[in-house]
Amino acid sequence: MIVDLARLGVRDLALVGGKAANLGELMAARLPVPGGFCVTVDAYRAVVAPLWPRIEELLAESRHAEIRELIATATLPEELASQIGKAADRLDGPVAVRSSATAEDLPEASFAGQQDTFLGVVGATAVTEAVRRCWASLWTDRAIAYRSERGYAHRDVALAVVVQTMVAAQSAGVAFTADPVTGKAGITIESAWGLGESVVSGAVTPDSFTVRRRRVEARLGDKRTRIDLASDGTTHTVAVGAAGRTRYSLTRAEVVGIARLARRVEAHYGRPMDIEWAVADGRAWLLQARPITAIVQAEGRAWWLSRFVRTDIVEHFPAPYPLDLAMVEVAYRALRMAFSMAGIRIRPECGLMTLDDDGVARVGYPRVTVWGVPAGIVRVLRTTWTDPRGWEPAHGAQVRRLAREMATLEVSGLSGKELHATLLEVRDRAGRLVGARFTEYLSFHLVRGGLIDALLRLARVKTTQFDLLGGLDYATAIIGRRLRGLAVSAPPAVLELLSSEVIDVDAVRAADPAWWGEVEAFLADYGARTPKMYLPFSTVGWREDLPGFLGTLAVVARGDAEPVPSTPHDQIVARASARLPRRLGQLLARLVDDYRAGHVMREASVVELEELGAAGRRLAREAGRRMVEAGLCSDAGDVKYLSLDELGRWLEGDPVDVVGIVERRREARPKAEAAWHETQEASPATDGAWTGVAASPGRATGEARIIADASGFARLQRGDVLVCRATDPAWTPLFALAGAVVAETGGRLSHAAIVAREYRIPAVLGVAGATGRIVDGQRVTVDGSRGMVEVDGEASTAGADR
């Protein structure tokens, strides 16, 4: 029942599970693997067999914790206990005790990470106890649900356990021999200081290296902590100083060496592999290898379009919580409908987005088929284009009426089924709003913009459609103007309170009741605005977060009064029309008028969508309040950890393990954040500068200020370079202070681009990894005309050794 790892291979899968079999394979291939042994599945079955009658009773009653306790305290046969003790004594120093399930680490399934791992175990007694606890972890709620959903019989899945000498790593991480999302060739390495648990758990943003042939590209992570192994086997999490955070955790030679090992592993198995490794005393060790599961391949002529769809999803839905995915699905359906009008098919069966049991969402590349674009373009051009001025009577008024009804609805008096039905009604209304927004209006808005650019080029006028939006009274501009009005009219006593580190809302309200009345009037109109407008269930609006709103108002009080005036659009149109044939000049004028009206409609629809989000959030929070009353969670906001389907089933009275779901997904949230943002491809480098989308012209230098969310708004000082993942309309006040903007996502039609152009500050967007590669306070030069970002003279590749 005990087998040395060196004697194992894939032929032994049924006996020792995927992890142990793969480690044996690597040893047989003469690859560097720490020594150890495996407690086979026969040992598990021998211990569990007498317990099966009781296990089945407890399983029928969903008493999973008692199953785990039953196995964790089971008595081992004397011979088995002796064998484990002797094998453990033969290993030097602390060991790692890891599960090796018979269905784990196989191409067809991804059981990996479902069972427990114990690090730094010392002594035969402790090893024996850890083995039993590994066995018990086969019976967590998550593992049981996973097997049930995928049709694995509980009796058929057994657990082997790997006991392996630990490597006291100076740095560790993972390596993929192909992009796990796209399937593109190339070695991707993620690395951090200390043990690899920091990377695997998502506790840090690791350094990232891409190796193609002899070229090494690197992206510096944010390694705030590290996990180290002490001589007594204990592990310690310690803070990493500024020097360690700004230094790569691998030298170029180490990167190349790990890539070489990864290629040898891939060559041995003949397929893309996911590898865990560690470096100690200058030597790289392989700790685990398994095939990469579920690669979604984007290919063919529409590859660029597939990337566009995926990037747009990443930009608008930053690291969604499970409940937020309801909005992702709404937007995705609308996007598919809009593309189909032009003869472009996005095939949903390829799985644009996946959500695992831990609540970790990942975005893939959809398979896009360009099946009838010429006919589609003709169809769009021949269709009667919807007048954007008709949005208000057709959609806006209806949405606002529903939002008002939802705001006054006594949600506490609704039954669970009524609450669920009302939540679905709001979701469906949002779906119709977004569908109309895409297919009836924005599709034609994009075509108008393309035609305007073509006519401007024909007239040889050096400007673009985006320069024709100045001076518009659209929602974001109106909100900004009213915010500035509130800031200017605030009495000195209020401004002093707003400058406090912690804003006392009651004190502000009492300081000037008349002024506060103006605040309440503003919030009645625009208080649904949030810093994450497309994530309605995991964010809050200004009405719900008065301290946050007042903090934003404090930022406005420090900023410039108005955006910088641009050349009036009618002057640009007149200049272009004078150079065009008469009919084309008249066409340009009509297109520009409709284009400007389309932008007003676009921004108005955002406000209406935010109001629907506020209504849905209120309903979901009521469900969360009921869960708190039932003792299922500690905060009403925890409802965001459930999917809409899970929440609906609970409201309908069906059994849902709310406690297990919330606890598991809350614990895995750092992993979910890391997984989402790591789906971005690192931006390329040219001559020591990172490249991105040239979104707003100009050149500026300043200190980088990395802002993650609204809680960091107050940190931005005049002239700073705002560095962020993306911006929403609620971020607009920051543009009055910033000297330039760098964002990880976004294009020339995104919020950051439009507002940066209004404030005449340079902006470079789509610089993936910027918040990890740029360190807060570094000097940054942003060239918005060329789409280049230079950071303190540093090169963006890790070509040189430290």
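The values are calculated or read from the model by the stated rules, or taken from the named source; none is laboratory data. Just so it is clear, the structure is predicted and the values come from calculations on it, not from any experiment. Please note: Cβ atoms are built from the backbone with ideal geometry, for glycine as well, and neighbour counts cover all protein chains shown. What goes into the accessible areas is simple: the full protein's heavy atoms, side chains included, and nothing from ligands, DNA or RNA. Shrake-Rupley method; radii C 1.70, N 1.55, O 1.52, S 1.80 Å.
Database remark: amide H of residue 205 closer than 5 angstrom to the amide H of 222, 224 (H placed geometrically; neighbours at sequence offset of 5 or more, or on other chains; Pro and chain starts carry no H).
Computed from point charges on the beta carbon alone (+1 for Lys and Arg, -1 for Asp and Glu), the dipole magnitude for the chain about its Cα centre is near 3380 Debye.
Normalising the average separation of contacting C-alpha pairs (under 8 angstrom, six or more residues apart) by the number of residues puts the relative contact order of segment 198-261 at 26 percent.
Solvent-accessible area of residue 533, all protein chains in place: 20 Å² (probe radius 1.4 Å, heavy atoms, ligands and nucleic acids excluded). Cα-Cα over 22 Å: which of 532/671; 640/671; 223/532; 417/640; 223/671? In this structure, 223/532 exceed 22 Å between Cα atoms.
In what order, largest first, do 90, 142, 404 sit by accessible area if the probe radius is 1.4 Å?
Ranked list, largest accessible area first: 90, 404, 142.
Could you look at the chain and say what percent of its accessible area is carbon and sulfur, using a 1.4 Å probe and all protein chains? Exposed carbon and sulfur together represent 52 percent of the surface. Probing with 1.4 Å while keeping every protein chain in the model, the per residue accessible area of the chain equals 42 Å².
Note on segment 182-251: semi-axes of the ellipsoid equivalent to its C-alpha gyration tensor, largest first and rounded to whole Å, are 25, 14, 10. Annotation: amide H-H contacts under 5 Å for residue 101 (H modelled 1.01 Å from N, sequence separation of 5 or more, or interchain): 18, 19, 160. Taking each pair of different alpha-carbon atoms in segment 493-623 once, compute 1/r for the pair, average those values, and report the inverse of that mean as the Kirkwood hydrodynamic radius in Å to one decimal. So the Kirkwood estimate lands at 18.2 Å.
Computed from backbone phi with θ = phi - 60° and the Karplus coefficients 6.51, -1.76 and 1.60, the 3J(HN,Hα) list for segment 477-494 is 5, 5, 4, x, 5, 5, 4, 4, x, 5, 5, 5, 7, 5, x, x, 4, 5 Hz; x is used for glycine and proline. For segment 630-638, putting each phi into the Karplus relation 6.51 cos²θ - 1.76 cosθ + 1.60 with θ = phi - 60° gives couplings of 7, x, 8, 7, 9, 9, 4, x, 5 Hz, in residue order, rounded to whole numbers and with x for Gly and Pro. With both residues required to sit in the chain, DSSP beta bridges show an antiparallel share near 90%. Segment 200-240 and segment 632-651 have their alpha-carbon centroids 34 Å apart.
Listed values for segment 78-93 are Karplus-derived 3J(HN,Hα) couplings in whole Hz (6.51 cos²θ - 1.76 cosθ + 1.60, θ = phi - 60°), namely 4, 5, 5, 4, 5, 5, 4, x, 5, 5, 5, 5, 7, 8, 8, x, and x replaces Gly and Pro.
Determine the relative contact order of the chain: mean sequence separation of Cα pairs under 8 Å and six or more apart, normalised by residue count, in whole percent.
Numbers: 1552 pairs, mean separation 93.8, N = 802.
Result for the chain is 12 percent.
With a cut-off of 8 Å between alpha carbons and a minimum separation of six or more residues, what is the relative contact order of segment 704-753 in percent? Let's see the in-between values first.
On the way: 73 pairs, mean separation 17.6, N = 50.
So the answer I get is 35 percent.
The H on the amide N of residue 763, modeled in the peptide plane, is under 5 Å from the matching H of 695, 696, 741, 784, each at least 5 residues off or on a different chain. Measuring only protein heavy atoms, the 1.4 Å probe finds residue 316 accessible over about 50 Å².
Given the convex hull over the Cα atoms of the chain, what projected area results after averaging over all orientations, in nm²? Kindly include the intermediate steps, with their values, before the conclusion.
Working: hull surface 143.5 nm².
With every direction weighted equally, the projected area is 35.9 nm².
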